[in-house]
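Structure, as structure tokens:
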Amino acid sequence: IALDPTDQHLRHMEKDILIPKIMREKAKERCSEQVQDFTKCCKNSGVLMVVKCRKENSALKECLTAYYNDPAFHEECKMEYLKEREEVRKTGIPAKKRLQKLPTSM
């Protein structure tokens, strides 16, 4: 059966797994400075990173949590997901495949 591309209903898997995954990815991009600081600290601290990188870890958690708890951010990610799902239902082609360049012949 064909799925209506404009249908806005979300299945549990979409609500609980797919949209939160988009949220995590986008939040990491938007908190990239904190991600870099934490990563650098961990690389420089070795086994002591748990103790030495508390400040960086807290800053990263604070940044990410602010996005996770923001209803507008959640809505933005949900709409992005629905837009992508609508395209897939119209074309039958996932975004990853649409974005890949076609091989060129030599």
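For the range 1-51, dividing the convex hull volume of the Cα atoms by the residue count gives 131 Å³ per residue.
Of the solvent-accessible surface of the range 14-91, computed with a 1.4 Å probe over protein heavy atoms with every protein chain present, carbon and sulfur atoms account for 54 percent. In this structure the amide hydrogen of Leu10, modeled in the peptide plane, comes within under 5 Å of no amide hydrogen from residues 5 or more places off or on another chain. From largest to smallest, the equivalent ellipsoid semi-axes obtained for the chain from the alpha-carbon gyration tensor read 35, 21, 10 Å. Candidates Thr6, Ala66, Met49 compared by Cα position along the dipole of the chain: farthest toward the positive end lies Met49, with charges placed on Cβ. Excluding ligands, DNA and RNA, the accessible surface per residue across the chain is 80 Å² with a 1.4 Å probe. Taking each DSSP H run with n ≥ 4 as -39500 (n - 2.57) and averaging over every residue of the chain yields -20500 deg cm²/dmol at 222 nm.
Taken as Cα centroids, the range 69-93 and the range 14-34 sit 13 Å apart, rounded to the nearest whole angstrom.
The values are calculated or read from the model by the stated rules, or taken from the named source; none is laboratory data. Everything numeric here is computed off the predicted structure, so don't read it as measured data. We place every Cβ from the backbone using ideal geometry, glycine too, and count neighbours over all the protein chains shown. All accessible areas refer to the heavy atoms of the entire protein, side chains included, with ligands and DNA or RNA removed. Shrake-Rupley method; radii C 1.70, N 1.55, O 1.52, S 1.80 Å.
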